[in-house]
1. Kindly express, to the nearest 10 degrees and within the range 0 to 90, the angle between helix 104-118's C-alpha long axis and the longest C-alpha principal axis of the chain.
2. Take the Cα of residue 389, step 7 Å along the line toward its Cβ, and report every residue of segment 428-457 whose backbone nitrogen sits under 15 Å from that point.
3. Can you figure out the FRET efficiency of residue 326 with residue 137, using R₀ = 41 Å and their beta-carbon distance, to the nearest 0.05?
4. Just the number please: accessible area per residue for the chain, 1.4 Å probe, all protein chains included, in Å².
5. How large is the accessible surface of residue 315 in square angstrom, using a 1.4 angstrom probe and rounding to the nearest 10?
6. Take the Cα coordinates of segment 70-117, assign each an equal point scatterer, and use the Debye formula without solvent to give log10 I(q)/I(0) at q = 0.32 Å⁻¹.
7. Can you give the local net charge around residue 283? Use residues other than it whose beta-carbon is closer than 14 angstrom to its beta-carbon, Lys and Arg +1, Asp and Glu -1.
8. If you count the DSSP beta bridges with both ends in the chain, what percent of them are antiparallel, to the nearest 5?
Amino acid sequence: MKKGASVFFCQNCGYESAKWAGQCPACRQWNTFAEEPSAPKAKGASSGRKRTGEPKNGPVSLSDVDAGEGKRFSTGMGELDQVLGGGIVPGSLVLVGGDPGIGKSTLLLQVCRNLSRTLSGVLYISGEESLQQIKLRASRIGTFQDTLRLMCETCLADIEEVVLREKPQVVIIDSIQTMYQEEISSAPGSVSQVREATGVLMRLAKEQGITIFIVGHVTKEGTVAGPRVLEHMVDTVLYFEGDRHASYRILRGVKNRFGSTNEIGVFEMQEGGLKEVANPSEYMLNGKPEGASGSVVACTMEGTRPMLLEVQALVCRTNFGLPRRTAAGIDYNRVNLLLAVLEKRLNLPFSNYDAYVNIAGGLKLTEPAMDLALVLAVISSYKDIPVSEKTIVFGEVGLSGEVRAVNMALQRVQEAKKLGFTRVILPKSSLEQVKKVAGIELLGAATVRDAVKSIGS
Ligand code: TYD
Ligand code: MG
């Protein structure tokens, strides 16, 4: 390629183009192309090692491969181990994404503290904070061993050199957007820099058997800033999410080459760092009003874990022609759809009523199993009758007002029992799966009308 030639990268998905374009042909986003000098092909991650004669790795039989399962080691945090699929796999590359200030650096520093007790070398490399800042954070978290080494560096070549010299077992890179390679002239955080940097780290992890955690910032749209290509390159992608105003944080596995992605970890941000929340349901139901109308406890599944939470609705007569609706934590259109179902199937005049729906605790839910709880919360507020205490509700509502079965009904009922609930309103078709649970009254509802009959009694 000509000297000084440049290419254009979509800053959203990493699509590469020789010419500028208004809309990215790959991800259809507008105005995302930015010019970046093209990366020199000789050094870079994809071109990796220089070829020297015979290839190093010949083919082997599957039976000769050591799965290395037994070699996993714990992070010292049960919730994190669970999301990782049972602990850290040596030589893996883990991306931790999340909004700024959510607690990524805190989580990883805590992991470092735990690991430095058992491992001989842990290296924390920060490109964002000074050593003093890290020290201040560390002093809030607790005491640290000397096997944890810190470094403030953004030049990848230097990092690589230090890692090869010190041979730590775990390395933390905070964050990938601050790292740069000298050969690439575009700014740190640009698509080509982030991609090449990840490539270098990937090679380092695999060749040296070092586990590397990479912190990645998240854009407004909720994807890791810069390229999605990054997600394809790493072994495991974890997202750290939570409400700015609530102190709980959820760590969600989005991709995992060494385990299931159906797991979440729940943490609470406290004065002394992140604490694991062993019983999220109890935590979510904290502060639920007693005997108030418009409040219903629902059960949602977060991966394979049932979680109880409160759905709140406030319905009042509209002052203007057009009813106002708001939905927090749940899809706005879904709320409108369910209100239309109620209007049509139960002859309730919701077109004259404002409706405000909220999931307490700031969780965002997309599960259709929340429908029935939402419907009952709305009706409870409209009629101003509280749903009896100790009742939980789940089920999907269809357009004809039918209540449809949801998966993992038994787990949901068991969670309700664990927390001392005594009645469960659930889809009639799920009854068969649940059969009987001691101490729980099961009320199967075939239609929304059935479900409404069973509240308030
Ligand atoms: P941080 O880990 O710096 O977030 P990220 O690396 O994802 O940008 O999170 C810092 C936030 O957490 C900050 O708002 C302060 C808060 N925090 C606590 O509440 N308690 C603590 O013990 C620590 C270390 C931080
Ligand atoms: Mg940080």
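The values are calculated or read from the model by the stated rules, or taken from the named source; none is laboratory data. If you're wondering where the values come from, they're calculated on a predicted model, not measured in any experiment. Cβ: placed from backbone, ideal geometry, glycine included. Neighbour counts: every protein chain shown. With ligands, DNA and RNA removed, areas are computed over all heavy atoms of the protein, side chains included. Shrake-Rupley method; radii C 1.70, N 1.55, O 1.52, S 1.80 Å.
1. Tilt relative to the chain: about 70 degrees.
2. Hits in segment 428-457 for residue 389 at 15 Å: 456-457.
3. Values: r = 37 Å, r/R0 = 0.91.
For R0 = 41 Å, the calculated efficiency reads 0.65.
4. Details: 21810 Å² over 457 residues.
Using a 1.4 Å probe on heavy atoms only, each residue of the chain averages 48 Å².
5. 20 Å²
6. Relative scattering, expressed as log10 I(q)/I(0), comes to -1.34.
7. Numbers: positive: 249, 275, 288, 305, 418; negative: 79, 243, 268, 276, 282, 302, 310, 415.
Residues close to residue 283 contribute a combined charge of -3.
8. Details: 43 of 83 bridges.
Once the DSSP bridges in the chain are tallied, antiparallel ones form about 50 percent.
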